[in-house]
1. Just to be sure I understand the filter: pairs with C-beta atoms under 7 Å, separated by 6 or more residues or on different chains, first member in the range 167-183 and among the β-branched types (Val, Ile, Thr), second member open to solvent by 10 Å² or more (accessible area, probe 1.4 Å). Which pairs pass?
2. Could you list all residues from the range 60-100 that are closer than 18 Å to residue 141 by Cα and either among the charged types (D, E, K, R) or open to solvent by 50 Å² or more (accessible area, probe 1.4 Å) (or both)?
3. Does residue 135 count as in contact with a helix residue (DSSP H, G or I) (Cβ under 7 Å, 6 or more places away or on another chain) and over 21 Å from residue 85 (Cα atoms)?
4. Every residue in the range 43-55 that is farther than 20 Å from residue 143 by Cβ and surrounded by fewer than 22 Cβ atoms within 10 Å (Cβ to Cβ), please.
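The values are calculated or read from the model by the stated rules, or taken from the named source; none is laboratory data. The shown structure was predicted, so the numbers you read here are calculated from the model rather than taken from an experiment. Backbone-built Cβ (ideal geometry, glycine too); neighbour counts: all protein chains shown. Please note that ligands, DNA and RNA were not included when accessible areas were found on the heavy atoms of the full protein model with its side chains. Shrake-Rupley method; radii C 1.70, N 1.55, O 1.52, S 1.80 Å.
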Amino acid sequence: MFNRRHLFTSVSLSLAATLVVACQQDEQGGGGRPALADFQPLGNSGVDGTVEFTPLQGGRIRIHAEVTGLEPGSHGIHIHEFGDCSDPEGLSAGDHFNPEGVAHGGPNSPVRHLGDLGNITADAGGRGVMTIEVTDLTLDNGPRGILGRSVVVHADPDDYKTQPAGMSGARLACAVIRAQEGDTDLVLPGGGE
């Protein structure tokens, strides 16, 4: 009797562990590199927050941003080409991430910069939350990779059409996109670190 009970308990624990691992792999697309970006205010904007990047099945990435200190209304939010937020106006982050050299657009436009995420809308208290899923970016350092680049929140809404950046206005906060585990090589002008 003891052997059967012991065998049943061992099999049950093994099955439970397998299910937990399978669920984690489903959420992370079989094991991606989740990333996080912590906003730092530019100048005296007072804008703060985080962006989480979660790999999902089928090559999708969930992008979840929570930002505080914004004026109520819509604000452009974009991935920029460099992982450098050192300039007080955010200019060191470079332009929108656009490895294909195409026109600016909205997140659902057939032609757009890969960094065009759209707008985040702040409530009366200045808090904005945005969650989108994308399929054309990767959480690595490849040609469409965003690790080591930056995310920028702008003062004005992105109109999705005006070139080159949607009339989004001044840069209010900047955050470098870093893998949650391990080192992240920053993407800087001229390929330096």
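1. Qualifying pairs under 7 Å: 176/85; 176/186; 177/149.
2. Of everything in the range 60-100, those that are closer than 18 Å to residue 141 by Cα and either among the charged types (D, E, K, R) or open to solvent by 50 Å² or more (accessible area, probe 1.4 Å) (or both) turn out to be 60, 62, 81, 84, 95, 99, 100.
3. Here the answer is yes, as residue 135 does meet what is asked.
4. 43, 44, 45, 46, 48, 50, 52, 54
Results for (1) over 17 Å from the mean Cα position of the chain (by Cα); (2) of a type in the set (S, T, N, Q); (3) under 25 Å from residue 48 (Cβ atoms), shown as yes or no for each residue.
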position: 94; (1), (2), (3): no, no, yes
position: 103; (1), (2), (3): yes, no, no
position: 107; (1), (2), (3): no, no, yes
position: 110; (1), (2), (3): yes, no, no
position: 124; (1), (2), (3): yes, no, yes
position: 169; (1), (2), (3): yes, no, yes
position: 173; (1), (2), (3): no, no, yes
position: 177; (1), (2), (3): no, no, yes
